[in-house]
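Read the figures in this text as sums done on the coordinates, not as results from a lab. Predicted model only: the values in this text are computed from it and were never measured. Glycine also receives a Cβ, built like all others from the backbone with ideal geometry; neighbour counts cover every protein chain displayed.
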Amino acid sequence: MTARFVTVTGLPRAGSTLLCQMLAMHPEIGCEGQSSPLCNLLLGIRRMASEDQFMLAQLDNSFAASYGHLQTAMTGFLRGWMQDSGQAVVVDKNRAWLHCIELALTLAPETKMIVCLRELGQIYGSIESQHQKTILLDTIDHLADFDRFGRADMLFAKDKVIGAPLISIHAVQDLPKAVQDRLYFVRFEDLMSNPAACMSHLFAWLGVSSFAIDPDHIEAKLVPESDSHYHMKYPHTQHTAIKAPKRHDISPRIQAQIETAYAWYYQFYYPKYKA
């Protein structure tokens, strides 16, 4: 039986590591948990094929057959990466997947995506708090020399760690309903306050058997993430129990700027939010 392909994507500092820990506890789900290169590799294959002169020449003369070869090869690459563990679902984690959902569905039509969300001010606050703990190291985007407002502004830029996935989340409304139905949004706050109910509903959506999650006993068995790759700015700590994190204090000016710039996000995903 071919395993069903599921991805974990969404915003940073929004509980994806914890979510993967709990997914991995289910006996029918395979989830290594660390950020995977699979999406980037498939994008690389597409770019390479699009520029290869032999590929383009074949498309000129026999489009259907040559395009079919490409789709079969890329599908085989994805399926080969998943491997056959005998589990019903294989989970691949990468924030880029949300941007590539239609590519994923072309290669694996059964694809489902779990999108991690969190109140944006607290995402910024989590990143800034960790930066202050490691202030002797610069970020991978060289943001250490900015003041706090400037650093927040840069983090939300369209090609940066918060801004890039936000653009993909905003673009969801333009997707056909059949594609939107493949997305499952998990809010960090809900995952913290009622993890058992959240995971029960998620397991049902994934089509696996019911499985009870005990918030006080979470297994920490994921493959460790490379935190040094991110200059220790985005730690991926595995916890053995769920405990709501302390709320980060945010400058009112920064919080107001975030809420104003991303009013659509609060309207869609946090309609009852009050600063």
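Mind checking which of Val172, Val91, Val115 has the largest fluctuation in a GNM of the chain, springs on alpha carbons under 10 Å?
Val172
Label-point separation (nm) for Leu175 and Lys243, each offset 7 Å from Cα along Cα-to-Cβ?
My value for the distance between the label points is 3.6 nm.
I'd like the trypsin sites (Lys or Arg not before Pro) in the range 181-265 restricted to DSSP loop residues with at most 11 other Cβ atoms within 10 Å, sorted by number.
Those that pass, being in a loop and sparsely packed, are Lys243, Lys246, Arg247.
Net charge near Glu189: determine it from the other residues with C-beta under 12 Å of the C-beta of Glu189, scoring Lys and Arg +1 and Asp and Glu -1.
Once all neighbours under 12 Å are counted, the net charge is +2.
Which residue fluctuates the most in the chain, going by a Gaussian network model with Cα springs under 10 Å, if the choices are His236, His170, His142?
His142
For the chain, with only Lys/Arg (+1) and Asp/Glu (-1) charged at the beta-carbon, what is the dipole magnitude about the Cα centre, in debye rounded to 20?
In debye, rounded to 20, the chain gives about 520.
In whole Hz and in residue order, list the ³J(HN,Hα) couplings for the range 49-57 that follow from phi through the Karplus curve 6.51 cos²θ - 1.76 cosθ + 1.60, θ = phi - 60°; x for Gly and Pro.
After applying 6.51 cos²θ - 1.76 cosθ + 1.60, I find 5, 6, 10, 6, 5, 5, 5, 5, 5 Hz.
To the nearest 10 degrees, how steeply does helix 195-206 sit against the main Cα axis of the chain, on a 0 to 90 scale?
10
Using helices alone, I'd like the mean residue ellipticity at 222 nm for the chain: each DSSP H run of four-plus residues gives -39500 (n - 2.57), total over residue count, nearest 500.
After summing the helix terms and dividing by the residues of the chain, the value is -13500 deg cm²/dmol.
Separation between the Met55 and Trp205 pseudo-spin-labels, each 7 Å from Cα along Cα→Cβ, expressed in nm?
Here the answer is 3.3 nm between the modelled labels.
Remind me, relative contact order of the range 4-269 in percent, using alpha carbon pairs under 8 angstrom and six or more residues apart?
RCO, the range 4-269: 29 percent.
In nm, what is the difference between 0.36 nm times the number of residues separating Arg47 and Phe77 and their Cα-Cα distance?
Stretched fully, the Arg47-Phe77 segment lengthens by 9.3 nm.
³J(HN,Hα) across the range 187-192 via Karplus (A = 6.51, B = -1.76, C = 1.60, θ = phi - 60°), whole Hz, x for Gly/Pro?
My calculation for the range 187-192 gives 7, 3, 5, 5, 5, 6 Hz in order.
Could you calculate, for the range 4-269, the ratio of the Cα radius of gyration to the Kirkwood radius, expressed as Rg to Rh?
We get a ratio of 0.99 for the range 4-269.
Count charges around Ile213 for me, please; just the other residues with Cβ under 15 Å from its Cβ, Lys/Arg as +1, Asp/Glu as -1.
-3
Once the Cα atoms of helix 252-261 and of the chain are each reduced to a long axis, what angle between those two axes, in degrees from 0 to 90 to the nearest 10, is obtained?
The angle comes out near 30 degrees.
Over the chain, with a Gaussian network built from C-alpha contacts below 10 Å, which listed residue (Ala57, Ala196, Ala204) shows the highest mean-square fluctuation?
Highest fluctuation of the listed residues: Ala57.
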